[in-house]
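Undergrad: Quick one: structure below, then a few questions.
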């Protein structure tokens, strides 16, 4: 298991990967915004489209969704689909995650106030846990979620959203290295 303490050039910790058996990736990121705004950024379709991709469907528990991460085309092989498992506004939601060619997995997102009363007003923490992965998927999802959460940081800060492909290409070798067995 990697513990997420490795950092890359910006100082953002790599996500923690648990490999072997049923793999997972976990991120814990602090954002310079209040919890309500962060919740809105990760649950409102108009805002999700700015940093992750257009989302379509019924976003209530039990509803089916389609997240279009490439072209905004229904049924594309770049789209994730699934069922909304739970939603506890403004704290947490969980979805089934189905990507073409992969077995279904689970993504849970939690939004928490930052520690300390003064911090909580101006900072929030997002915890993302992607479970039920195969080892090889954990490496790719580690780099992919890391890239997407960097884009969320750009969105929340009101800065230009960095290029997903370039950032993913930069991060993938670091996740591969973190997953490599040590002698």
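Undergrad: Please pick out the residue among 59, 133 that is crowded, with 17+ Cβ neighbours inside 10 Å and under 25 Å from residue 176 (Cβ atoms).
TA: Going through 59, 133 in turn, just one is crowded, with 17+ Cβ neighbours inside 10 Å and under 25 Å from residue 176 (Cβ atoms): 133.
Undergrad: Would you be able to tell me the number of residues in segment 134-183 that are part of a loop (DSSP other than H, G, I, E, B), over 22 Å from residue 104 (Cα atoms) and in contact (Cβ under 8 Å) with a residue 12 or more places away in the chain?
TA: Qualifying residue count for the region: 2.
Undergrad: A further question follows. Specify the residue that is modelled with the lowest pLDDT; the eligible residues are those in segment 1-22 that are surrounded by 13 or more Cβ atoms within 10 Å (Cβ to Cβ) and part of a strand (DSSP E or B).
TA: 13
Undergrad: Yes or no: residue 126 under 19 Å from residue 17 (Cβ atoms) and either surrounded by fewer than 12 Cβ atoms within 10 Å (Cβ to Cβ) or more than 14 Å from the chain's Cα centre (by Cα) (or both)?
TA: Answer is no for this residue.
Undergrad: On the basis of being surrounded by 15 or more Cβ atoms within 10 Å (Cβ to Cβ), touching a strand residue (DSSP E or B) at 6+ places or on another chain (Cβ under 6 Å), modelled with pLDDT under 90 and within 24 Å of residue 157 (Cα to Cα), does residue 54 make the cut? Reasoning before the result, please.
TA: Details: surrounded by 15 or more Cβ atoms within 10 Å (Cβ to Cβ): yes; touching a strand residue (DSSP E or B) at 6+ places or on another chain (Cβ under 6 Å): yes; modelled with pLDDT under 90: no; within 24 Å of residue 157 (Cα to Cα): yes.
Considered against the rule, which asks whether it is surrounded by 15 or more Cβ atoms within 10 Å (Cβ to Cβ), touching a strand residue (DSSP E or B) at 6+ places or on another chain (Cβ under 6 Å), modelled with pLDDT under 90 and within 24 Å of residue 157 (Cα to Cα), residue 54 comes out as no.
Undergrad: Now for a different question. Could you pull out the residue among 154, 72, 163, 88 that is closer than 16 Å to residue 48 by Cβ, more than 13 Å from the chain's Cα centre (by Cα) and at pLDDT 95 or above? Break it down stepwise before answering.
TA: Working: 72 fails: at pLDDT 95 or above; 163 fails: closer than 16 Å to residue 48 by Cβ; 88 fails: closer than 16 Å to residue 48 by Cβ.
Of 154, 72, 163, 88, the one residue that is closer than 16 Å to residue 48 by Cβ, more than 13 Å from the chain's Cα centre (by Cα) and at pLDDT 95 or above is 154.
Undergrad: Among 112, 106, 102, 96, which is the only one that is out of contact with any helix residue (DSSP H, G or I) (no Cβ under 9 Å at 6 or more places or on another chain) and touching a residue at least 24 places away in the same chain (Cβ under 8 Å)? Give the derivation first.
TA: On the way: 112 fails: out of contact with any helix residue (DSSP H, G or I) (no Cβ under 9 Å at 6 or more places or on another chain); 102 fails: out of contact with any helix residue (DSSP H, G or I) (no Cβ under 9 Å at 6 or more places or on another chain); 96 fails: touching a residue at least 24 places away in the same chain (Cβ under 8 Å).
Testing whether each residue is out of contact with any helix residue (DSSP H, G or I) (no Cβ under 9 Å at 6 or more places or on another chain) and touching a residue at least 24 places away in the same chain (Cβ under 8 Å) leaves just 106.
The values are calculated or read from the model by the stated rules, or taken from the named source; none is laboratory data. Just so you know, these numbers come straight off a predicted model, no measurement behind them. A quick note on method: Cβ atoms are made from the backbone with ideal geometry, for glycine too, and the neighbour counts reach across all protein chains shown.
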